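Engineer: The structure is given below, and queries will be raised subsequently.
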Amino acid sequence: MQIRILSAADVRASIDMPAAIEVMRTAFSALAEGSATAPLRTAVETRHGVSLFMPAHLAGSESMGAKVVSVNPENAERGLPVIHAVVLVVDPVTGRTLALMDGTWLTALRTGAVGGLAADLLAREDAATVAVFGAGVQART
């Protein structure tokens, strides 16, 4: 079985913010129409942090995925990122693993894309600027 492995650099090079906003538009529309499955995330807490498990599938898609995000606040003291994430992509017909990718940048990009989509949908038609309050990688996306 061949599994495609995508590094953070690979993921970053494969999608930009305008494309991510359109992906989120499609995803939220599919959820509203009932053609996407995204069960509530499962949280597993430990003494040092929490890991969140989030599966999803879009009807008719040739793949489905699950993201695991681990948040370990003590990592800041270790000189490590507080948030780590990985995405597993699976063939929904055979169950075969198709890809494993770094999900840390993707997580930040997705959060920024949701804000961008909200600004697009909620702003007045004549709006020319938007203010963003926040800090960190998600605000910078």
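Engineer: Efficiency by 1/(1 + (r/R0)^6): what FRET value for V44 and T97, r their Cβ-Cβ distance, R0 = 30 Å, to the nearest 0.05?
Structural biologist: So, using R0 = 30 Å, E works out to roughly 0.90.
Engineer: Here is a further query. Mind listing the phi-derived Karplus ³J(HN,Hα) values for the range 55-61, rounded to whole Hz, using 6.51, -1.76 and 1.60 with θ = phi - 60°, and x for any glycine or proline?
Structural biologist: x, 7, 8, 9, 3, x, 6
Engineer: Here's another thing I want to ask about it. Tally Lys and Arg at +1 and Asp and Glu at -1 over the other residues with C-beta under 14 Å from the C-beta of P73: what net charge comes out?
Structural biologist: -1
Engineer: For labels at A119 and A59 in the simple 7 Å Cα→Cβ model, what's the distance in nm?
Structural biologist: Taking the two extended label points, one gets 3.3 nm.
Engineer: Taking neighbour counts of Cβ atoms within 10 Å as a proxy for exposure, in what order, fewest first, do T46, T129 appear?
Structural biologist: Fewest to most other Cβ atoms nearby, the residues stand as T129, T46.
Engineer: Right, here's the next one. With P(r) over Cα pairs in 10 Å bins from 0, in percent as the read-out, I listed [x] 10, 34, 37, 16, 3, 0; [y] 10, 32, 32, 21, 5, 0; [z] 12, 41, 30, 15, 2; which label goes with the value calculated from this structure?
Structural biologist: Of the labelled values, this structure produces [x].
Engineer: Moving on. Counting DSSP beta bridges with both partners in the chain, what percentage is antiparallel, nearest 5?
Structural biologist: Here the antiparallel bridges make up roughly 90 percent for the chain.
Engineer: Quick check: pseudo-label points 7 Å beyond the Cα along Cα→Cβ at V23 and I3, how many nm apart are they?
Structural biologist: Result for the modelled spin labels: 2.0 nm.
Engineer: Here's a follow-up. Search the structure for amide H atoms under 5 Å from the amide H of I15, placed 1.01 Å from N in the peptide plane, and list their residues when 5 or more places away or on another chain.
Structural biologist: For I15, whose amide H was placed from the backbone, there are no distant partners under 5 Å.
Engineer: Can you compute the FRET efficiency between A127 and E33 using 1/(1 + (r/R0)^6), with r the Cβ-Cβ distance and R0 = 30 Å? Round to the nearest 0.05.
Structural biologist: With R0 = 30 Å, the Cβ-Cβ based efficiency is 0.65.
No lab work stands behind these numbers, since they all come straight from the coordinates. Owing to the predicted nature of the structure, the values given are computational and were not obtained by experimental measurement. So basically every Cβ, Gly included, is an ideal-geometry build from the backbone, and we count neighbours across all protein chains shown.
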